[in-house]
Amino acid sequence: IKRARAMLPEGTFIHFHTHETAGISVQANMAALDAGADGIDLSLAPCSGGTCQPDILVMWHALRGSNYDLDVDIEKVREAEEIFKESMADYFLPPEATAVEPLIPWSPMPGGALTANTQMLRDNGIMDRYPEMIQAMGDVVRKGGFGTSVTPVSQFYFQQAFNNVMFGEWERIADPYGQMVLGYFGKTPVAPDAEVVRIASEQLGLE
């Protein structure tokens, strides 16, 4: 954020967005504000926390006594949360969507991708393989060149981690992952693992 502030035109509004997936979003928001962010994204219960943004009430408490103010009527926010809870009562929220997942920094998988993928695993009766896939995803990211783990790259990573768990390591290269390590989407921050590049080239018939 400090670098962005230095590079962007004076007066540019910098908005910081993060998720509570790994349990550090309140601290991340505080650091962003200290670094010069102008705004932060927050959410209302029962959707707040977990793979969503931190709860506005929690952030309000965290900022008390600091130099920052959310500039909201907190009692009206509390009323709004109660109404929202009633409105969401008939909707299914996956357990992992509202929980902190300490394994995420080892993957890394963004909140939106996590719930979409775990729902797919649940629908197919293989949710028990989820811990293996999170572990495999870390290896897939490292050997894939550390591309930024946001859509669509986060899905490339999960598809390959899924294949590595279900079919054996590197036995089935997912097309988009293979194309990424072969450079079809540009250079990754770090050069992909040479052996993975070779396997991808052979399986996909690409150079």
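Every number here is computed from the coordinates shown, using simple stated rules; none is lab data. Nothing here was measured: the structure is a model prediction, and the numbers come from that model. Counting neighbours? That spans all protein chains shown, and the Cβs are built from the backbone with ideal geometry, glycine included.
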Check your understanding: Across 10 Å bins from the origin, how do the percents of Cα pairs in region 103-204 run, short distances first?
Key -> 17, 53, 27, 3
Revision key, fill the gap. Taking a straight Cα-to-Cα line shorter than 19 Å from LYS143, and setting aside same-chain lysines fewer than 8 residues away, one finds LYS187
Exercise for review: Evaluate 2.2 N^0.38 Å with N set to the residue count of the chain, then give the Cα radius of gyration divided by it.
Suggested key: 1.20
Check your understanding: When the dipole is taken about the Cα centre of region 2-87, and only Lys, Arg (+1) and Asp, Glu (-1) are charged at their Cβ, what size is it in debye, to the nearest 20?
Key -> 420 debye
Point to revise | Residue among ALA35, ALA62, GLY49 farthest towards the positive dipole end of the chain, charges placed on Cβ | key: ALA35
Revision key, fill the gap. Calc'd 3J(HN,Hα), region 172-178, phi into Karplus 6.51 cos²θ - 1.76 cosθ + 1.60 (θ = phi - 60°), Hz, glycine/Pro = x, comes to 9, 7, 5, 3, x, 5, x
Point to revise | Sequence of SER87, SER201 once ranked by neighbouring C-beta atoms within 10 Å, starting from the fewest | key: SER87, SER201
**Study point:** Estimated dipole of region 1-144 in Debye, rounded to 20 [Cβ of Lys and Arg +1, of Asp and Glu -1, Cα centre]
**Key:** 680 debye
Point to revise | Computed [θ] at 222 nm, deg cm²/dmol, the chain (DSSP H ≥ 4; -39,500 (n - 2.57); rounded to nearest 500) | key: -14500 deg cm²/dmol
Review point. Against the longest alpha carbon principal axis of the chain, how many degrees, from 0 to 90 and to the nearest 10, is the axis of helix 130-143 turned?
Key: 70 degrees
Point to revise | Estimated vicinal HN-Hα couplings, Hz - region 24-36 in sequence order (Karplus 6.51, -1.76, 1.60; Gly, Pro = x) | key: 10, 5, 5, 5, 5, 5, 4, 5, 5, 5, 4, 7, x
Check your understanding: Considering only DSSP states other than H, G, I, E and B, which chymotrypsin sites (Phe, Trp or Tyr not before Pro) in region 26-116 qualify as loop sites with at most 13 other Cβ atoms within 10 Å?
Key -> TYR91, PHE92
Study note, to complete from the structure: Relative contact order as a percentage, the chain, C-alpha pairs under 8 Å and 6+ apart, gives 15 percent
Study note, to complete from the structure: The ³J(HN,Hα) series, computed from each phi in region 188-201 with the Karplus coefficients 6.51, -1.76 and 1.60 at θ = phi - 60°, rounded to the nearest Hz and given as x for glycine or proline, is 7, x, 10, 4, x, 4, 4, 5, 5, 4, 4, 5, 4, 4
